[in-house]
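For reference, the structure is listed below as structure tokens.
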Amino acid sequence: MLLATWNVNSIRAREERLLAWLEHRCPDVVCLQELKCTEEQFPYDAITAAGYQAAVHGQKTYNGVAILAKSPIEDVSTGFGDGGDESQARVISGTVEDTRIISVYVVNGKSIDSDKYALKLEWLDRLERFVARQDLAAPLAICGDYNIVPDERDVEKKEAWEGGVLYNEDLSTRFQRLLDIGLVDTFRRHHQEGGLYSWWDYRMLGFPKNNGLRIDHLLATPALADTSTDAYIDRDQRKGQKPSDHAPVLAEFGLG
DNA sequence: ATGGCCAATTTTATTGGA
């Protein structure tokens, strides 16, 4: 199974690129973030014509997550289901061929002293409890834009980002706690070096200068991660006309 | 080559992204 995650930064702005990429890479399952559209606006027809089913949790203008899969997506649910605020479309879960797939779009946080950063920390607390409630003995992947730089290998200009809303000790600790629960960072299972990023600022020649961050992650339970044969960032998708500011991250699973 | 922000809406400014 080839699994991918991609923050498309508006699926309507990215529809042409997304379809070309699906045909190029042929992923079996794709977690999408930042759809920036309602379910009514989602391009179901084009996605279906490309051979994919879609489970969509949309929202007007902001956020929005989805799961695309070549096989049926079963037992779909949205949000955390913990009784808390579900007004922002940031989580969708579904099961594809006995693997639980969760697409997440973590709160950005804007600035450390903002209400939005406080919300980010609360939201990450909810995410951790949500993960702990899953069946972690079974094949499960929780993929998406975590808006967290795990460690110094994942940032090009450490001094410029350290202490900010994407990269600080508190966030690194929270990310590590997800790994301590038993999840595996599938990318790091195959690559130990730094300098490999999934996001580059549109501004100030971010991509040509490789001023990037690795903030998009595919975390998997050992039952799934132990079967991974490869993981990579498709940085070609940051090139050319109308790219998202994020590149897709992919991982291949399965024995043979 | 990969190029000095982009996308949606509240649209000719503003908000959020990271």
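See the values below:
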{"quantity": "Residue count, region A:155-167 (criterion: within 18 Å of A:Tyr197 (Cβ to Cβ) and away from DNA strand B (no atom under 11 Å from the Cβ))", "calculated": "5"}
{"quantity": "Filtered residue count, region A:94-127, keeping only those that are closer than 27 Å to A:Pro222 by Cβ, free of Cβ contacts under 8 Å to residues at least 24 places away in the same chain and more than 17 Å from the chain's Cα centre (by Cα)", "calculated": "1"}
{"quantity": "Which numbered condition A:His24 misses (of (1) farther than 26 Å from A:Ala231 by Cα; (2) within 16 Å of DNA strand B (Cβ to nearest atom); (3) surrounded by fewer than 16 Cβ atoms within 10 Å (Cβ to Cβ))", "calculated": "(1)"}
{"quantity": "Residue check, A:Leu119 farther than 24 Å from A:Pro243 by Cβ, surrounded by fewer than 22 Cβ atoms within 10 Å (Cβ to Cβ) and within 11 Å of DNA strand B (Cβ to nearest atom)", "calculated": "yes"}
{"quantity": "Matching option when the condition is within 30 Å of A:Leu124 (Cβ to Cβ), away from DNA strand B (no atom under 16 Å from the Cβ) and either at pLDDT 95 or above or of a type in the set (Val, Ile, Thr) (or both), among A:Thr78, A:Thr61, A:Thr48", "calculated": "A:Thr78"}
{"quantity": "All positions within region A:142-165 that are assigned to a loop (DSSP other than H, G, I, E, B) and surrounded by 20 or more Cβ atoms within 10 Å (Cβ to Cβ)", "calculated": "A:Tyr146, A:Asn147, A:Ile148, A:Val149, A:Pro150, A:Val165"}
{"quantity": "Among the candidates A:Asp230, A:Asp216, residue that is crowded, with 18+ Cβ neighbours inside 10 Å, closer than 13 Å to A:Ala251 by Cβ, touching a residue at least 40 places away in the same chain (Cβ under 8 Å) and touching a His at 6+ places or on another chain (Cβ under 8 Å)", "calculated": "A:Asp216"}
{"quantity": "Selection from region A:223-253 of residues that are near DNA strand B (Cβ under 8 Å from one of its atoms) and not in a helix (DSSP H, G or I)", "calculated": "A:Lys239, A:Gly240, A:Gln241, A:Lys242, A:Pro243, A:Ser244, A:Asp245, A:His246"}
{"quantity": "Residues within region A:19-43 that are touching a residue at least 12 places away in the same chain (Cβ under 8 Å) and assigned to a helix (DSSP H, G or I), tallied", "calculated": "5"}
{"quantity": "All positions within region A:196-213 that are touching a strand residue (DSSP E or B) at 6+ places or on another chain (Cβ under 7 Å), closer than 15 Å to A:Tyr167 by Cβ and within 8 Å of DNA strand B (Cβ to nearest atom)", "calculated": "A:Trp199, A:Leu213"}
{"quantity": "Residue within region A:214-222 that is in a loop (DSSP other than H, G, I, E, B) and within 16 Å of DNA strand B (Cβ to nearest atom) present", "calculated": "yes"}
{"quantity": "Residues of region A:43-62 satisfying the condition of being of a type in the set (Phe, Trp, Tyr) and surrounded by 21 or more Cβ atoms within 10 Å (Cβ to Cβ)", "calculated": "A:Tyr52"}
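Rundown of residues vs (1) at pLDDT below 95; (2) within 22 Å of A:Phe253 (Cβ to Cβ); (3) among the polar types (S, T, N, Q); (4) crowded, with 23+ Cβ neighbours inside 10 Å, yes/no style:
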| position | (1), (2), (3), (4) |
| --- | --- |
| A:Leu2 | no, yes, no, no |
| A:Asn9 | no, no, yes, no |
| A:Arg12 | no, no, no, no |
| A:Val30 | no, yes, no, yes |
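The values are calculated or read from the model by the stated rules, or taken from the named source; none is laboratory data. If you're wondering where the values come from, they're calculated on a predicted model, not measured in any experiment. Virtual Cβ from ideal backbone geometry, glycine too; neighbours counted across all protein chains shown.
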